[in-house]
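What follows is a set of notes on a single structure, which appears directly below.
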Amino acid sequence: MGGLDGKVAFITGVARGQGRSHAVRLARDGADIIGIDICADIEANHYAMATREELDETIELVEAEGGKMLGTVADVRDFHQVKTVLDAGVEHFGRLDIVCANAGIAPVAFRQLSIEEELAQWRAAIGVNLDGAYHTAWAAIPHLLAGQRGGAIVFTSSTAGLRGFGGLQGGGLGYAASKHGIVGLMRTLANTLAPFSIRVNTVHPTAVRTMMAVNPAMTEFLENYPEGGAHLQNPMPVEMLEPEDISAAIAYLVSDEAKYVTGVTFPVDAGFCNKL
Ligand SMILES: NC(=O)c1ccc[n+]([C@@H]2O[C@H](COP(=O)([O-])OP(=O)(O)OC[C@H]3O[C@@H](n4cnc5c(N)ncnc54)[C@H](O)[C@@H]3O)[C@@H](O)[C@H]2O)c1
């Protein structure tokens, strides 16, 4: 039991990695969870997405914390899927307080791509990371407004949403563009929703130990990246953060401790964005 007792959180990309960690942490703090994950691979992305079994494991982990969770397969690129699942979840739990737009992909491949493959990478990154973030917020905002209790939306951006890196492929450029785009979405919603006490912020993680950062396609890309991996090093002595490190920031941002924190780009990056 904790500061989120009685509250309900909607989390996308919840089957593994950071999304799972956020679900477990928010459940530990008292929230019930409505979660979605695609649980199917995306063709232009060169590593596997989560599975239905992983989504079920997340539900078990939330329940082990004493929380309740509705976990459903849905694709954030499809607004109507997101809305249908969220509407049903809010009907079930009776309210919505917290939104974590976390689902994301980072398509990379260290080889010459055809023009069609480049375009497919770009569209996949924008579709999941930016369209998906908008769909998530757009499906959730009517419920937050209807509740008349305020609320908290946190979009997961990246250090690549504040700094320009990612190479010259459609996937890397699409990733950086989408993660910067999320900041514009956040800032505008933060202004528009402030009168309703709905707070909107972004988190910007440096590399986190999840499938996105630790997969053969990403490892090969980073090893062969023109500038090597040096520019991706953190000033603090840590190569990769753990998902729980990002969940701690989310838990703060959605809590009443942060009740006047809105419109903020919140790095959890071991000093990455501050370095010269
Ligand atoms: N891992 C990192 O180094 C890192 C760094 C900065 C930011 N991020 C961001 O953190 C977020 C979480 O990523 P992660 O590190 O946990 O990686 P991950 O690949 O382990 O998790 C992403 C989850 O999103 C799901 N997903 C992907 N596309 C989806 C879709 N269209 N609809 C619904 N679900 C979908 C996947 O199945 C997976 O469960 C992403 O937005 C990512 O861009 C990650």
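Is the stretch 14-23 home to any residue that is out of contact with any Lys or Arg (no Cβ under 6 Å at 6 or more places or on another chain), of a type in the set (G, A, S), more than 10 Å from the ligand (Cβ to nearest atom) and over 18 Å from R209 (Cα atoms)? No, the conditions are met nowhere in the stretch 14-23. A248 meets each of the listed conditions (1) closer than 17 Å to V154 by Cβ; (2) within 15 Å of the ligand (Cβ to nearest atom); (3) open to solvent by less than 20 Å² (accessible area, probe 1.4 Å); (4) in a helix (DSSP H, G or I) apart from (3).
Yes/no matrix, rows are residues, columns are (1) surrounded by 24 or more Cβ atoms within 10 Å (Cβ to Cβ); (2) more than 15 Å from Y134 (Cβ to Cβ); (3) more than 11 Å from the ligand (Cβ to nearest atom):
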{"residue": "G166", "(1), (2), (3)": "no, yes, yes"}
{"residue": "L173", "(1), (2), (3)": "no, yes, yes"}
{"residue": "S178", "(1), (2), (3)": "yes, no, no"}
{"residue": "L185", "(1), (2), (3)": "no, no, yes"}
{"residue": "T192", "(1), (2), (3)": "no, no, yes"}
{"residue": "P195", "(1), (2), (3)": "no, yes, yes"}
{"residue": "H204", "(1), (2), (3)": "yes, yes, no"}
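Annotation: of all residues in the stretch 58-101 being within 11 Å of the ligand (Cβ to nearest atom) and open to solvent by 60 Å² or more (accessible area, probe 1.4 Å), the one that is farthest from G2 (Cα to Cα) is R77. Condition check: within 12 Å of the ligand (Cβ to nearest atom) and in a helix (DSSP H, G or I). Does L222 satisfy that? Yes; evaluated as a whole, the condition is true for this residue. Note on the stretch 251-262: residues that are open to solvent by 10 Å² or more (accessible area, probe 1.4 Å) and assigned to a loop (DSSP other than H, G, I, E, B) total 5. R199 meets each of the listed conditions (1) away from the ligand (no atom under 16 Å from the Cβ); (2) in a loop (DSSP other than H, G, I, E, B) apart from (2).
For the stretch 36-54, which positions are farther than 18 Å from V128 by Cα and touching a Lys or Arg at 6+ places or on another chain (Cβ under 9 Å)? Across the stretch 36-54, the qualifying residue is only E54. Of all residues in the stretch 38-67, those that are assigned to a loop (DSSP other than H, G, I, E, B) have Cβ atoms under 7 Å from Cβ atoms of residues that are among the hydroxyl-bearing types (S, T, Y), 6 or more apart or on another chain, in C39/T51.
Is it fair to say V24 is in contact (Cβ under 8 Å) with a residue 60 or more places away in the chain and in contact with a His (Cβ under 8 Å, 6 or more places away or on another chain)? Judged against the criteria, V24 is not a match. Of the residues screened, H46 is not one that is over 24 Å from A213 (Cβ atoms) and either modelled with pLDDT under 95 or not hydrophobic (A, V, I, L, M, F, W, C) (or both). Counting only residues that are more than 11 Å from the ligand (Cβ to nearest atom) and surrounded by 13 or more Cβ atoms within 10 Å (Cβ to Cβ), the stretch 25-55 holds 12 of them. Of the numbered criteria (1) open to solvent by less than 20 Å² (accessible area, probe 1.4 Å); (2) touching a Ser or Thr at 6+ places or on another chain (Cβ under 8 Å), the one T265 fails is (1). Assess whether F155 counts as being of a type in the set (F, W, Y) and open to solvent by less than 10 Å² (accessible area, probe 1.4 Å). The answer is yes for F155. Within the stretch 3-13, the set of residues being more than 8 Å from the ligand (Cβ to nearest atom) and open to solvent by less than 30 Å² (accessible area, probe 1.4 Å) comprises L4, V8, A9, F10, I11. Inspect all residues belonging to the stretch 204-219 and state whether any of them is at pLDDT below 95, hydroxyl-bearing (S, T, Y) and more than 24 Å from A88 (Cα to Cα). Yes, the stretch 204-219 contains a residue that is at pLDDT below 95, hydroxyl-bearing (S, T, Y) and more than 24 Å from A88 (Cα to Cα). Could you look through the stretch 102-126, keep only residues that are of a type outside the set (A, V, I, L, M, F, W, C) and part of a loop (DSSP other than H, G, I, E, B), and pick out the one that is most open to solvent (accessible area, probe 1.4 Å)? The extreme case among them is Q112. Among the residues of the stretch 127-139, is there at least one that is charged (D, E, K, R), open to solvent by 30 Å² or more (accessible area, probe 1.4 Å) and over 21 Å from T210 (Cβ atoms)? Within the stretch 127-139, one or more residues are charged (D, E, K, R), open to solvent by 30 Å² or more (accessible area, probe 1.4 Å) and over 21 Å from T210 (Cβ atoms).
The values are calculated or read from the model by the stated rules, or taken from the named source; none is laboratory data. On a predicted model such as this, the values are computed, not experimentally measured, just so you know. All Cβ positions, glycine included, derive from the backbone under ideal geometry; neighbour counts span all protein chains shown. Just so you know, the surface numbers come from the protein's heavy atoms only, side chains and all, with ligands and any DNA or RNA stripped out. Shrake-Rupley method; radii C 1.70, N 1.55, O 1.52, S 1.80 Å.
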